[in-house]
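Trainee: Take this structure, written in structure tokens, and hold onto it; I'll ask about it next.
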Amino acid sequence: MTAIAERPLGLWLDERLFSSPGTLDVPLAIEVEARGPRHELAVVVLTQCNRPEELRRALASVRAQRGVDLQLVLVVNGAQAEDAARLVVPRLEQNDHFIVLPENAGIPGGRNIGAAAADAQVVMFLDDDAELLGPDVLAGVVARFAADDGLGAMAIRLVDHEGLTQRRHVPRVGSRSFARSGEVTHFIGAACAVRAEAFHAVEGFEQRFFYAMEESDLSWRLMDAGWSLWYAADLTAFHPRTTPSRHPGHVLLTARNRFWAAWRSLPLLVALAYVSIWTVLAVVRGGAARQVLAGYRQAWAARPHRRPMRWRTVWRMTRLGRPPVL
């Protein structure tokens, strides 16, 4: 890859991101040309340049895909230009984008920027430490969306070094259903795909979440807008076995974002039940009650406008095995 300074694609989005020097103004979407998307699928990969080997393998797994018209959008999320210039990644095609954000826009903000730059019918988000397993994964994703006009988002099965799927990566209650494909009520973000039309219609990820709960929040809004969600157990990606606690402030941020999502999207009685249940679970799982309550205080002080989902959406989620209290 040539140096950033030699590639006009490199920083093409920066002028749209900054309303004044040092102030990040992240757009939820950039105006899309009326001609329609050029590609079947775009893969958005966020990186902070701190996992170069993992990133190289992730991008190589994307380039190894066959049978799909593909665009790659690489977003350097909060790193210096010189660090980004040192990245060793597979070749970039003419229609690919390499975007450098001097400030960390957070996971949802960075993904929104990548999705806004994408020019495709379907946008896939892939973590920079994940790898697509097999050359036909993305063709399978495209085929799934083509077969179901009502499909808004899907996730593929994640496996670790031992070929096992962590319980928290199964989008259903219980861990035994990891090998069963089907309709679900939320998706896991490490290797997921959204229909661009649906994503922009519900205004993308909630960027102020920064980290944690952004996929669940988006799932609720997609379902309430009438879209379905799918878990594809037959398509797999590698993702290392990790724990959420590796992220600083995980307990506080998760509590804050969980409260925000419930306050905005759930009927009041359901929201109260949801927050109560997850408060108990967070403390039982080792989360400090003080951090949980601090997260709730932050959320209440900056609570969003309420746009509760319809009761028929609550019932639909319940019939699928996961009412929005779990």
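The values are calculated or read from the model by the stated rules, or taken from the named source; none is laboratory data. What you see is a predicted model, and the numbers here were worked out from it, not measured in a lab. Cβ atoms come from the backbone with ideal geometry, glycine included; neighbour counts cover every protein chain shown.
Trainee: Six or more apart or on different chains, Cβ atoms under 7 Å: show the pairs whose first residue is in region 312-326 and outside the structural domain of residue 230 (by TED's automatic domain parsing) and whose second is among the basic types (Lys, Arg) and surrounded by fewer than 19 Cβ atoms within 10 Å (Cβ to Cβ).
Mentor: Partner pairs satisfying both residue conditions: 321/172; 322/172.
Trainee: Any residue at all in region 312-321 that is in contact with a helix residue (DSSP H, G or I) (Cβ under 8 Å, 6 or more places away or on another chain) and among the hydroxyl-bearing types (Ser, Thr, Tyr)? First the steps, then the outcome.
Mentor: Within region 312-321, the subset in contact with a helix residue (DSSP H, G or I) (Cβ under 8 Å, 6 or more places away or on another chain) is 313-314, 316-317.
With among the hydroxyl-bearing types (Ser, Thr, Tyr) added as a condition, the list becomes 313.
Among the residues of region 312-321, at least one is in contact with a helix residue (DSSP H, G or I) (Cβ under 8 Å, 6 or more places away or on another chain) and among the hydroxyl-bearing types (Ser, Thr, Tyr), which makes the answer yes.
Trainee: Answer yes if at least one residue in region 93-100 is crowded, with 18+ Cβ neighbours inside 10 Å, at pLDDT below 95, at positive phi and touching a strand residue (DSSP E or B) at 6+ places or on another chain (Cβ under 8 Å), and no otherwise.
Mentor: The answer is no, given that none of the residues of region 93-100 is crowded, with 18+ Cβ neighbours inside 10 Å, at pLDDT below 95, at positive phi and touching a strand residue (DSSP E or B) at 6+ places or on another chain (Cβ under 8 Å).
Trainee: Kindly establish whether residue 275 is over 30 Å from residue 179 (Cβ atoms), surrounded by fewer than 17 Cβ atoms within 10 Å (Cβ to Cβ) and touching a helix residue (DSSP H, G or I) at 6+ places or on another chain (Cβ under 8 Å). Before you say what the answer is, go through the steps one by one.
Mentor: Details: over 30 Å from residue 179 (Cβ atoms): yes; surrounded by fewer than 17 Cβ atoms within 10 Å (Cβ to Cβ): no; touching a helix residue (DSSP H, G or I) at 6+ places or on another chain (Cβ under 8 Å): yes.
For residue 275, the condition - over 30 Å from residue 179 (Cβ atoms), surrounded by fewer than 17 Cβ atoms within 10 Å (Cβ to Cβ) and touching a helix residue (DSSP H, G or I) at 6+ places or on another chain (Cβ under 8 Å) - is not met.
Trainee: Still on this structure: Mind telling me which of the residues 285, 307, 312, 319 ends up being of a type in the set (D, E, K, R) and modelled with pLDDT under 95?
Mentor: Details: 307 fails: modelled with pLDDT under 95; 312 fails: modelled with pLDDT under 95; 319 fails: modelled with pLDDT under 95.
Exactly one of 285, 307, 312, 319 is of a type in the set (D, E, K, R) and modelled with pLDDT under 95, namely 285.
Trainee: To continue, here is another question. Pairs please, first residue from region 120-148 and in the same structural domain as residue 55 (by TED's automatic domain parsing), second anywhere and of a type in the set (Phe, Trp, Tyr) and assigned to a strand (DSSP E or B), Cβ atoms under 7 Å, 6+ apart in sequence or on different chains.
Mentor: That search, which allows pairs on different chains as well, returns 130/238; 131/238; 133/238; 144/230.
Trainee: Kindly establish whether residue 167 is in contact with a helix residue (DSSP H, G or I) (Cβ under 9 Å, 6 or more places away or on another chain) and without any contact (Cβ under 8 Å) to a residue 12 or more places away in the chain. So that I can check it myself, show each step before the final result.
Mentor: Numbers: in contact with a helix residue (DSSP H, G or I) (Cβ under 9 Å, 6 or more places away or on another chain): yes; without any contact (Cβ under 8 Å) to a residue 12 or more places away in the chain: yes.
In short, yes.
Trainee: Out of curiosity, is residue 158 more than 21 Å from residue 40 (Cβ to Cβ) and at pLDDT 95 or above? So that I can check it myself, show each step before the final result.
Mentor: Working: more than 21 Å from residue 40 (Cβ to Cβ): yes; at pLDDT 95 or above: yes.
Yes; evaluated as a whole, the condition is true for this residue.
Trainee: Checking residue 290 against (1) touching a helix residue (DSSP H, G or I) at 6+ places or on another chain (Cβ under 8 Å); (2) in a helix (DSSP H, G or I), which test does it fail?
Mentor: Only one criterion is unmet by residue 290, namely (1).
Trainee: Go through region 308-325 and report how many residues are surrounded by 15 or more Cβ atoms within 10 Å (Cβ to Cβ) and more than 14 Å from residue 269 (Cα to Cα). Talk me through it step by step, then tell me what you get.
Mentor: Step one: list which residues in region 308-325 are surrounded by 15 or more Cβ atoms within 10 Å (Cβ to Cβ), which gives 308-309, 313-314, 316-317, 320-325.
So of that shortlist, the ones also more than 14 Å from residue 269 (Cα to Cα) come out as 313, 316-317, 320-322.
Result for region 308-325: 6.
Trainee: Quick check on this structure: which one of 297, 316 is part of a helix (DSSP H, G or I), closer than 22 Å to residue 229 by Cβ and not β-branched (Val, Ile, Thr)? Can you show your working first?
Mentor: Numbers: 297 fails: closer than 22 Å to residue 229 by Cβ.
It is 316.
Trainee: Going through region 153-205 one residue at a time, which ones are in contact with a His (Cβ under 6 Å, 6 or more places away or on another chain) and outside any loop (DSSP other than H, G, I, E, B)?
Mentor: 158
Trainee: Kindly indicate whether residue 236 is in the same structural domain as residue 137 (by TED's automatic domain parsing), surrounded by 14 or more Cβ atoms within 10 Å (Cβ to Cβ) and either more than 27 Å from residue 128 (Cβ to Cβ) or polar (S, T, N, Q) (or both).
Mentor: Details: in the same structural domain as residue 137 (by TED's automatic domain parsing): yes; surrounded by 14 or more Cβ atoms within 10 Å (Cβ to Cβ): yes; either more than 27 Å from residue 128 (Cβ to Cβ) or polar (S, T, N, Q) (or both): yes.
When the stated conditions are applied, residue 236 passes them.
Trainee: Please indicate, with yes or no, whether at least one residue in region 262-283 is in a helix (DSSP H, G or I) and in contact with a Gly (Cβ under 8 Å, 6 or more places away or on another chain).
Mentor: Restricting attention to region 262-283, the residues satisfying the condition of being in a helix (DSSP H, G or I) are 262-265, 268-283.
Subsequent filtering for residues that are in contact with a Gly (Cβ under 8 Å, 6 or more places away or on another chain) retains none.
For region 262-283, residues in a helix (DSSP H, G or I) and in contact with a Gly (Cβ under 8 Å, 6 or more places away or on another chain): absent.
Trainee: With the checklist (1) at pLDDT 95 or above; (2) in contact with a Ser or Thr (Cβ under 8 Å, 6 or more places away or on another chain); (3) of a type in the set (A, V, I, L, M, F, W, C) in hand, flag the one item residue 212 doesn't pass.
Mentor: (1)
Trainee: Of the residues 297, 258, 264, which is touching a Lys or Arg at 6+ places or on another chain (Cβ under 9 Å), on the phi < 0 side of the Ramachandran plot and buried (at least 18 other Cβ atoms within 10 Å of the Cβ)?
Mentor: Details: 297 fails: buried (at least 18 other Cβ atoms within 10 Å of the Cβ); 258 fails: touching a Lys or Arg at 6+ places or on another chain (Cβ under 9 Å).
The match here is 264.
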